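The values are calculated or read from the model by the stated rules, or taken from the named source; none is laboratory data. Note that the structure is predicted; figures quoted are calculated from it, not measured. All Cβ positions, even for glycine, are placed from backbone atoms using ideal geometry, and neighbour counts span all protein chains on display.
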Amino acid sequence: MSEPNPVEWVLVAELPELARRKRKQVVVGDTPIALFLVNGRVFALHDVCVHKQRSLSKGTVLHGRIICPGHQWSFDPATGEAADQVECQPTYAVRVAEDKIYVNPRARAGGADAGATPYTTTAAG
């Protein structure tokens with residue numbers, strides 16, 4: 001895979017940084033973004049929870065979902081949809097090239113049509 005276009009993509013971390021804790025906060029411009037490694041895939045969500053403005057990167061990953069540390073809201077890491085709630089957490093497109101994680105700094109519209117598929121860290125395919 002070639003390096004992403006630097007105009008659209010920002011280098012935010014390296015894949016080994018997510019290996020141990022499975023989550024990391026990065027800042028792009030003034031925007032805090034939470035990176036998560038879930039089932040071998042990298043996801044990026046706005047780090048400030050839409051519910052109680054807590055940092056999602058301080059939460060946990062449980063059964064493939066992001067759990068907010070404030071009130072335990074559960075978010076789908078791919079779409080940002082909250083379980084049993086109408087709110088949706090903004091997400092960001094992610095690319096990984098040569099173990100470098102890039103995020104497109106423009107938030108995607110939430111929901112099932114959130115867009116690009118997150119990078120899979122396994123060598124299959």
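Of the residues making up the range 67-97, those that are modelled with pLDDT of 95 or more and loosely packed, with under 13 Cβ neighbours inside 10 Å number 0. Specify the residue that is nearest to residue 104 (Cα to Cα); the eligible residues are those in the range 11-59 that are small (Gly, Ala, Ser) and surrounded by 18 or more Cβ atoms within 10 Å (Cβ to Cβ). In this case the residue turns out to be 44. Of all residues in the range 59-87, those being among the polar types (S, T, N, Q), part of a loop (DSSP other than H, G, I, E, B) and within 13 Å of the chain's Cα centre (by Cα) number 1. So, residue 62, is that one at pLDDT 95 or above and either over 14 Å from residue 106 (Cα atoms) or buried (at least 19 other Cβ atoms within 10 Å of the Cβ) (or both) or not? So residue 62 fails the test. Checking 52, 24 one by one, the residue that is at pLDDT 95 or above and basic (Lys, Arg) is 24 and no other.
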